[in-house]
Amino acid sequence: MKKKYNYLLNTIFDFQAQGRYTFSLEEMKLKFQIKEEALKKSLNRLSKKGKIVSVRKGFYVIVPPEYSSQELMPPPLFIDALMQYIQKPYYVGLFSAAALHGAAHQQPQEFQVITAMPALRNINVKQSRLKFLTKRKFSEAGIKSQKTDTGYIKISGPELTAIDLIQFEHRIGGLSRVISVIDELAEECSVENMNQLMSRRQIQLAPIQRLGYLLENHLNQPELANAIYGKLKLKKYYRIALSVSKSNRSIKADNRWKVAK
């Protein structure tokens, strides 16, 4: 067992030298040709020493010395490998994406990831919390690749980030918290990218209506608002409340967005 443990530790050091910081239980089983129970005991020893962290069943993140005090690497450095392991499409979104775009006053307390149905359980490990939110109609539209120290991650562009913040506002702290971030994001949004995004059928109309209304009436972004309306008016849309948490019944919406406070 001690010999296998040393081989495992050396393999982890080799991974780090190659710039790799994640691995799976199944991969190590195949590599060392030992029983799963024995391998798990060795991995548990490494975990207790703070060398690795089990982020999800069967998936491990190596903890390099520079992150030993935090006990885990920041999620942007392992999220792509994790989602490949889970075999689900994803992108970093909402406040986490806004922060990566420089449009957040402070780092969000949780790392927010958008993925496809079925839903994933949130992950709470060490000092990190990964929150997964799902879309029934997942699309690659509006998603960009961003370089990290360990490779690339998928992240929503500023236009998609703004739309998603509206769509999920009831899950991430409410509309008032969202508006201030969208105000900063709007400076990064382009009319061309917004038009391309709105041409995709997977984009829901309700968050588009709410975003257009806010850009026009609260955030002083007439050009972007007009671009959104130019696409919206070609579609069939209905009156809605500004906040997702409010009922759409018995409301008056006397503006072109059909949005009522």
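A compact table of results
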quantity	calculated
Top positive-direction residue, dipole computed over segment 200-261 with Cβ charges, set ILE228, LEU211, TYR238	TYR238
Stretch gain in nm, segment GLU71-PHE32, where the contour uses 0.36 nm per residue and the Cα spacing is subtracted	11.4 nm
Å² per residue, accessible surface of the chain at 1.4 Å	53
Two-site label geometry, ARG136 and ILE179: point separation in nm, points 7 Å out along Cα→Cβ	2.9
Helical contribution to [θ] at 222 nm, DSSP H n ≥ 4, -39,500 (n - 2.57), averaged over the chain, rounded to 500	-12000 deg cm²/dmol
Measure of compaction for segment 87-140 (Cα Rg per 2.2 N^0.38 Å)	1.17
0 to 90° range, to nearest 10: angle between helix 2-17 axis and the chain longest Cα axis	40
Percent breakdown of C-alpha pair distances by 5 Å bin, ordered from the shortest bin, for segment 118-258	2, 9, 18, 21, 21, 14, 8, 5, 2, 1, 0
Theoretical gain in end-to-end length, PHE13 to LYS252 [0.36 nm per residue, Cα-Cα removed]	79.7 nm
Cβ charges +1 (Lys, Arg) and -1 (Asp, Glu), total dipole of the chain, debye	1380
Lysines with Cα under 21 Å of LYS261, excluding same-chain neighbours fewer than 8 positions away	LYS233, LYS236, LYS246, LYS252
Simple label model, 7 Å out from Cα along Cβ direction - GLU187 to ASN220, nm	1.3
Dipole axis of segment 103-261 (+1 Lys, Arg; -1 Asp, Glu on Cβ), positive-most option in ALA119, ILE153, VAL191	ALA119
Eligible lysines near LYS126 by straight Cα distance, threshold 18 Å, same-chain separation 8 or greater	LYS48, LYS49, LYS51, LYS57
Accessible area of the chain belonging to carbon and sulfur atoms, whole % at 1.4 Å probe	45
Rule-of-thumb Rg ratio for the chain [Cα; 2.2 N^0.38 Å; N residues]	1.20
Difference of contour (0.36 nm per residue) and Cα-Cα distance, TYR238 to ARG129	35.6 nm
Distribution of pairwise C-alpha distances over segment 39-181, 10 Å bins, in %	11, 41, 33, 13, 2
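The values are calculated or read from the model by the stated rules, or taken from the named source; none is laboratory data. Predicted model, so just to flag it, every value in this text is computed and none were measured. Note that we place each Cβ from the backbone using ideal geometry, even for glycine, and neighbour counts take in every protein chain shown. Just so you know, the surface numbers come from the protein's heavy atoms only, side chains and all, with ligands and any DNA or RNA stripped out. Shrake-Rupley method; radii C 1.70, N 1.55, O 1.52, S 1.80 Å.
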